[in-house]
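A.B. asks: Before I ask anything, let me first share the structure, which is written out below as structure tokens.
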Amino acid sequence: MNLYLPILVLAALAAGFAVFSVVATALVGPSRYNRSKLEAYECGIEPTDQPVSGPHAPSGQRFPVKYYLTAMLFIVFDIEIVFLYPWAVAFDGLGMFALIEMVLFAVIVFVAYAYVWRRGGLNWD
């Protein structure tokens, strides 16, 4: 049980901090709500109802695809970094094979990055 004591103490501290933060915010924070604070926020664009036709057409909002493409690009390049960290930590013990594999991985990601750049996916108009 002594091995798990530091983990339990850390978990108790984290839970206590979370509960304290929520309670303190509710008690101390401003409670003046207005219309703009209660509206949904999506990428800084105000949602508007789109005209739909047909009895079963869904009513909803349309947002530019550029925002979602930017998010997907962020995820792809973020995953690259997630793969690079463990490799960098264990680099000395992996040998030449791991170096060649990581260079191939980096080249593939760089080609994808160059393609996105060439197609204008990084231009924010």
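The values are calculated or read from the model by the stated rules, or taken from the named source; none is laboratory data. Given the structure is predicted, the values throughout are model-derived calculations rather than measurements. Backbone-built Cβ (ideal geometry, glycine too); neighbour counts: all protein chains shown. Surface areas here come from the heavy atoms of the whole protein model, side chains and all, with no ligands, DNA or RNA. Shrake-Rupley method; radii C 1.70, N 1.55, O 1.52, S 1.80 Å.
A.B. asks: Compute the FRET efficiency between Ala90 and Ala114 as 1/(1 + (r/R0)^6), taking r as their Cβ-Cβ distance and R0 = 35 Å, and round to the nearest 0.05.
C.D. replies: 0.80
A.B. asks: Could you give me the ³J(HN,Hα) list for the range 7-14, computed from phi with Karplus coefficients 6.51, -1.76, 1.60 and θ = phi - 60°, whole Hz, x at Gly and Pro?
C.D. replies: The phi angles translate into 5, 5, 5, 4, 5, 5, 5, 5 Hz.
A.B. asks: Let me ask something else. Rounded to the nearest 10 Å², what accessible area does Lys37 have for a 1.4 Å probe in the complete protein model?
C.D. replies: Here the accessible area works out near 130 Å².
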